[in-house]
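Take a look at the structure set out below.
The values are calculated or read from the model by the stated rules, or taken from the named source; none is laboratory data. Note that the structure is a prediction, hence the values are computed from the model and not measured. Using ideal geometry, Cβ is built from the backbone for each residue, glycine included, and neighbour counts are taken over all protein chains shown. Protein only, heavy atoms only, side chains kept; ligands, DNA and RNA dropped before computing areas. Shrake-Rupley method; radii C 1.70, N 1.55, O 1.52, S 1.80 Å.
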Amino acid sequence: MKRSLLALASGAFVLGAAEFVMMGILPQAAAATNVDIPTAGHYISAYAIGVCIGTLILVFGRKVPPKNLIVLFMAIALTGNLLSAVSVNGPMLIAARFISGLPHGAFFGTATLIAKTLADKGKEAQSVAMMVTGQTVANMLGVPAGTLMAEFLSWRLAFGLLAAWAAMTIVLALAWIPYVAPIKDAGITGQFRFLTRRGPWVILAAVFTGNAGIFCWWSYVSPWLQKSGNWPSGLVPLLMMLAGFGMVVGGLIGGHITDRWRHAGTAALGQAISCFGLLMVFLLPGNQMTSAMLTFLIAFGLFFVSAPQQLLMTESGQGGGELIAGAAVQVAFNFGNAVGSIVGGAMLNAFSMQYRFTGLGGLPLAIVAVGLLAYYSWRCETNTDAIHRMHEVKVD
């Protein structure tokens, strides 16, 4: 792997772990800040709000070289995680989590552009997938590690280590990421011109509905594993590592296929895999084997779509809107997460806390996402640039 991709993947790890680690340490953080669990849920939503608002950094950073933006984003992540580690009350932790979320969407939009620009010809999607691997590894290793730290040491230590990791990433970015020219300056309004076309809205709607469908189930995966899968609570972190492994494998395979086929077609295939998994969550009787298999399968599909969707949006923003377009994927992703959690909770209330119905609640949304991606591939992706991604083969 190119060293530049390692630096980008390191940043993706920081942000991926910062986003999801709170779910594993929520009880300890709530107790330390003297709030109840429902109120502590604001520590999660504050990060998501930061993701959405932080995208506006790119509006005013369009003339800044992308490498410098990556350093800026990691500096903000360092500040937010350090403040989280030393927070003494609820309002301070909410503010710290908001700051931690600010660079998230903007980072992935910028990192996608860098990874695509520096990639070998014909391997753009694989390059983006390797960058995103940092986020999936965070789910496989970082989040369970943070949960264990909170259980046996201190929840503050998790944020302290993330702050240190962000500092290390700044050094790696300065040393390993080469100069990449800023995007074309299309002005403030010109950066959003891509949104006047139909295609980008179809992609964003697919990201939103697809993630909303999956997070109907994923938001409640821990109690689902225990209640439906009959797994003891002590083994849930291992199953989260299995899910993270599925994300890593899915992301790499999705990137490999994207470089050889239609981007939207690949995303539709990955979304269909998760869609099938949600159907099986509802239909299959709960036991340890099926719940473990479905945990891997749905997580596999969740990140199978990551590289093609990031590339689709970055390419749709060509002409000055690349960074905003790439960041918009993360905004749609986080909105989908929030809505999915609400829909999943409503299904649990409606069906007497039977966790398999979270799969049924997410299924229609996931089906809509498959349909939108298939539609985009059919009507908007007529030129797949396949001729430009062909490799010359010499025969002796």
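For this structure, a couple of remarks:
- Close pairs (7 angstrom Cβ cut-off, 6 or more residues apart or separate chains): in the same structural domain as TRP155 (by the TED database) in the stretch 68-97, crowded, with 24+ Cβ neighbours inside 10 Å and not in a helix (DSSP H, G or I) anywhere: ILE70/ILE177
- LEU153 fulfils the conditions (1) at pLDDT 80 or above; (2) of a type outside the set (Gly, Ala, Ser); (3) in contact with a helix residue (DSSP H, G or I) (Cβ under 7 Å, 6 or more places away or on another chain) except for a single criterion, (3).
- Residues that are touching a residue at least 24 places away in the same chain (Cβ under 8 Å), over 23 Å from ASP259 (Cα atoms) and in a helix (DSSP H, G or I), drawn from the stretch 284-323: GLN288, THR290, SER291, ALA292, THR295, PHE296
- Within the stretch 354-371, residues that are charged (D, E, K, R) have Cβ atoms under 8 Å from residues that are open to solvent by less than 20 Å² (accessible area, probe 1.4 Å) in these pairs: ARG356/TRP224; ARG356/VAL281, counting only partners at least 6 apart in sequence or on another chain.
- From the options THR196, THR209, residue that is touching a Leu at 6+ places or on another chain (Cβ under 8 Å), assigned by the TED database to the domain that holds THR295 and either of a type in the set (S, T, N, Q) or without any contact (Cβ under 8 Å) to a residue 12 or more places away in the chain (or both): THR209
- Qualifying positions in the stretch 82-103 - closer than 25 Å to VAL59 by Cβ and not aliphatic (A, V, I, L, M): ARG97, PHE98, SER100, GLY101, PRO103
- Any hit, the stretch 328-347, residues being more than 22 Å from the chain's Cα centre (by Cα) and open to solvent by 20 Å² or more (accessible area, probe 1.4 Å): yes
Residue-wise test of (1) farther than 14 Å from THR209 by Cα; (2) at pLDDT below 80.
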residue: LEU311; (1), (2): yes, yes
residue: GLY320; (1), (2): yes, yes
residue: LEU323; (1), (2): yes, yes
residue: PHE357; (1), (2): yes, no
residue: LEU372; (1), (2): no, no
residue: ARG379; (1), (2): yes, yes
